[in-house]
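Below is one structure; the comments refer to it alone.
The values are calculated or read from the model by the stated rules, or taken from the named source; none is laboratory data. Owing to the predicted nature of the structure, the values given are computational and were not obtained by experimental measurement. Cβ placement follows ideal geometry from the backbone for every residue including glycine, while neighbour counts extend to all protein chains displayed. Accessible surface areas use protein heavy atoms only, side chains included; no ligands, DNA or RNA. Shrake-Rupley method; radii C 1.70, N 1.55, O 1.52, S 1.80 Å.
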Amino acid sequence: MAPINVTVMGGRKDYVPAKETLPEVDAEGNGNGNSAKGYSYETLQETANFLLARISIRPTIGIICGSGMGSLAESIVDAESIPYEEIPNFPISTVEGHHGRLVFGRLDGVSVVAMQGRFHYYEGYPLWKCCLPVRVMRLLGVKTLIATNAAGGLNPTYKIGDLMIVKDHINMMGFAGNNPLHGPNDERFGPRFPPMNKAYNYEYRKLAKEVAKEYNIENIVREGVYTCLGGPNFETVAELNMLKMVGVDAVGMSTVHEVITARHCDMNVFALSLITNECVTSYETDDQANHDEVLDVGRMRQDILRKFVSRLVTRFHQIDNASL
Ligand SMILES: O=P(O)(O)O[C@@H]1C[C@H](O)[C@@H](CO)O1
């Protein structure tokens, strides 16, 4: 790749983009996320077939690990991992704290697949591509999605290290017309106009609160509303105060579009936010959100998260099977 001349502070410098770490533009040549073109059902079926040929597990529950929460996948036994680079049509992870592989295996005897590394809009991927793994999971036979994320706590009662069961979301990016389902609809995935009022499964949320009691962690488990902004910058004070006014409890840069995609293809959804920082809603402070702190809190809470999510997998599996 030819060097690009860029002006940096202190003068000009030759910069060679690390090709393997830059997301490619989409099929229409757009890298800005506004393309209506996604991969076809057949293309994603090819991806699913590739994975089915490589792995012996047939997962029914899919887990997306949030920033710094990759260790969730380390409890998986009989694990078979496939790096994203080896998976046809898959993007690659470019964010620190996101390993970039699918881990198939068993959690407490339940067959699962975990994404150790998710795709974010700010990495340059259009929303449909950020959510491509969700559709692939569905084609693999996954019926339940557990999406985890790191988020800033906006609700003033939330503390760093709290776990927020997501009860609902506000799709801020959708307000601006950016939606993973934008563009032609393939009914084999789901309907043109999917409802979103029961996006976060009520039974799962109830169970999660029971498990929190069982594990004596109910004092750190909350339930609230999440929103996703496009990132990569953290929010301004004015933005955060506006979000607070409209009822947002936690702010992040993911999950909402994954949940929309999952509900579109009729998956049951549970989402969990780890509160990694308190949002700065005042001008009278020197505090600043930063990614290192996000990763540190992920490490600090890794044992609790692993135990909690493993137990949720077992309990969700029980109720999914009971309702068959
Ligand atoms: O992948 P998630 O949503 O957990 O990551 C959050 C949002 C940004 O990617 C990053 C900011 O530190 O953490």
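I need the full set of residues from region 209-220 which are assigned to a helix (DSSP H, G or I), more than 17 Å from ILE61 (Cβ to Cβ) and either open to solvent by 20 Å² or more (accessible area, probe 1.4 Å) or not small (Gly, Ala, Ser) (or both), in order please.
In the first step, residues of region 209-220 are kept if they are assigned to a helix (DSSP H, G or I); the result is 209-214, 218-220.
Next cut, more than 17 Å from ILE61 (Cβ to Cβ) only: 209-210, 212-214, 218-220.
Answer for region 209-220, where residues must be assigned to a helix (DSSP H, G or I), more than 17 Å from ILE61 (Cβ to Cβ) and either open to solvent by 20 Å² or more (accessible area, probe 1.4 Å) or not small (Gly, Ala, Ser) (or both): LYS209, GLU210, LYS213, GLU214, GLU218, ASN219, ILE220.
Could you list, in sequence order, the residues of region 291-301 that are away from the ligand (no atom under 12 Å from the Cβ) and open to solvent by less than 60 Å² (accessible area, probe 1.4 Å)? Before the answer, list the steps.
Filtering region 291-301 for residues away from the ligand (no atom under 12 Å from the Cβ) gives 299-301.
Scanning region 291-301 gives a single hit, ARG301.
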Worksheet item: Given (1) more than 20 Å from ALA271 (Cβ to Cβ); (2) open to solvent by 20 Å² or more (accessible area, probe 1.4 Å), where does LYS206 come up short, assuming only one miss?
Response: (1)
Worksheet item: With PRO194, PRO232 as the choices, which residue is in a loop (DSSP other than H, G, I, E, B), touching a residue at least 40 places away in the same chain (Cβ under 8 Å) and farther than 29 Å from ARG315 by Cβ?
Response: PRO232
Response to the item:
Considering region 235-290, residues that are under 16 Å from the mean Cα position of the chain (by Cα) and in a loop (DSSP other than H, G, I, E, B), and then whichever is farthest from the ligand (Cβ to nearest atom), we arrive at MET267
Practice prompt. State all residues of region 281-290 that are touching a residue at least 12 places away in the same chain (Cβ under 8 Å) and open to solvent by less than 60 Å² (accessible area, probe 1.4 Å); if no residue qualifies, say none.
Written response: THR281, SER282, ALA289
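Residue-by-condition table, conditions (1) under 19 Å from VAL142 (Cβ atoms); (2) in contact with a His (Cβ under 7 Å, 6 or more places away or on another chain); (3) not hydroxyl-bearing (Ser, Thr, Tyr):
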| site | (1), (2), (3) |
| --- | --- |
| LEU52 | yes, no, yes |
| PRO59 | yes, no, yes |
| ILE63 | yes, no, yes |
| SER75 | yes, no, no |
| ALA79 | yes, no, yes |
| TYR84 | yes, no, no |
| ILE87 | yes, no, yes |
| PRO91 | yes, no, yes |
| HIS98 | no, no, yes |
